[in-house]
Amino acid sequence: MGAAPTAEYNFSLNEYFTKGSLTCLTEETIKNRVSPEFPLMLNIEPTNACNAKCYYCPREITAEKQGVHYMDKQLYKSIIDQITPDKLIMINYHKDGEPLMHPELPWMIRYAKEKNAAEILHLNTNGTLLRTDRAKAIVSAGIDDITVSIDAARESTYRDLKKIKNLEKVERGVRELIEYRDSIQGNTLIRVKIMEFDSVSSEEIEEFCYKWKDVADQVQVTGTHSWSNAIDGMEVTDGLPEHRFACLLLWYLMAVNSNGLVSKCNYDWDYSGQLGDAKTQSLRDIWQGHQAKIFRNAHLNGQWSCNNVCKNCVAWAGFKDMQGYLEQHKRFYR
């Protein structure tokens, strides 16, 4: 996700990441930690099922083409076991679906914690299931960081964007989860997020920030993107540099979909950036494999149409241009 268009909202959410992002690692982090042996970050999708119908998300198209899946426990265990002892910076428990719909999510969090698989275990949720035992259980299990994508301060906006109702229930769920975390002296950081949609007024964004500034641990405001033009009529408000350069996600991140297929990144909603299959291949082999190198090579050569998702994506905009640095590390792409 690129920078929000309003500069005042671009502050650091975590020392490893560029301002306003929990996806784009800083230049310093990349230079110090990136490795051709294994990625620094994994998106592990517990499920691609969802209970919302957000107009700005292509999930329903994905589910129609790929089916709806809940990740198998044994597959998940295998993924985590392959990470150690190569500790990751972050595991993100989300991609195209709502992670709290997976009944084994607390076990997943607990197992990764026991294996010390990553410095940060993070998930993004729409917040509709925060008032459940499962939500409390992931906090008890030690989830480090939760982003609640509320995206509105007013019920009418919430219904327009999410195509569901009851914003007040979601807001109550955030407050109750914070209270529960505090009651058990947990360390989970809980942030709320809104995006600068062209249809959401600056007054409502200010209202959102004011509402949550003394309640949530962080308030995040981001720009919007169109999933490579998958959403008709969606205006991109991510901040964009004048010229395009290689996307650094290809040098440190992979996404394991709920059916086991591995994507080049978390933006690969249509699987056109598929790298392999975690059910039959090791993550290390996939990361070092031929297909991953093809995509990296394409980006170094400005071939943005190497797959459908890369063609019109704006995720690269959250980084600095590190072309010269990337070209020096030939094991990534030869």
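Taken together, the values in this text are just the output of simple stated rules run on the coordinates, not laboratory data. Bear in mind the structure is a predicted one, so any value in this text is a computation, not a measurement. When we count neighbours, we look across all protein chains shown, and the Cβ atoms used for this are built from the backbone with ideal geometry, even at glycine.
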* Asked: If pairing requires two Cys Cβ atoms under 4.7 Å apart, which cysteines of the chain are left without a partner?
  -> Cys24, Cys50, Cys209, Cys247, Cys265, Cys306, Cys310, Cys313
* Asked: Where q = 0.14, 0.22, 0.23 Å⁻¹, what log10 of I(q)/I(0) comes from the Debye formula for region 181-279, counting one point per Cα?
  -> -0.84, -1.11, -1.13
* Pairs of Cα atoms under 8 Å, at least six residues apart: use those to get the relative contact order of region 115-258, whole percent. => 21
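May I ask you to derive the FRET efficiency for Asp232 and Ile164 from their Cβ-Cβ distance with R0 = 22 Å, giving the value to the nearest 0.05?
Numbers: r = 21 Å, r/R0 = 0.93.
According to the calculation, E is roughly 0.60.
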* Structure fact -> Under the helix-only model (-39500 (n - 2.57) for each DSSP H run of 4 or more, divided by the residues of the chain), the mean residue ellipticity at 222 nm, to 500 deg cm²/dmol, is -9000 deg cm²/dmol
* Asked: Once the Cβ-Cβ distance between Arg244 and Ala63 is put in as r, and R0 is 30 Å, what FRET efficiency do you end up with, to the nearest 0.05?
  -> 0.50
* Write down, largest first, the equivalent ellipsoid semi-axes of the chain in whole Å, where each equals the square root of 5 times an eigenvalue of the alpha-carbon gyration tensor. => 29, 24, 19
* Quick one: if you stick a label point 7 Å off each Cα along the C-beta vector at Leu300 and Glu179, how many nm between them? -> 5.6
* Tell me the label-point distance for the pair Glu114, Glu155, using the 7 Å Cα-to-Cβ offset, in nm and rounded to one decimal. => 4.5
* Which value, in Å³ per residue, describes the convex hull spanned by the Cα atoms of region 103-254? -> 148
* Asked: So for region 245-334, taking the charge dipole from beta-carbon charges (+1 Lys/Arg, -1 Asp/Glu), which of Trp316, Leu248, Leu261 sits furthest toward the positive end?
  -> Leu248
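Can you figure out the FRET efficiency of Ser199 with Phe11, using R₀ = 30 Å and their beta-carbon distance, to the nearest 0.05?
With R0 = 30 Å, the Cβ-Cβ based efficiency is 0.80.
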* Can you tell me the dipole magnitude for the chain around its Cα centre, using point charges on the Cβ only (Lys, Arg +1; Asp, Glu -1), in Debye to the nearest 20? => 960
* Structure fact -> The relative contact order of the chain, taking Cα pairs under 8 Å that sit 6 or more residues apart, comes to a percentage of 23
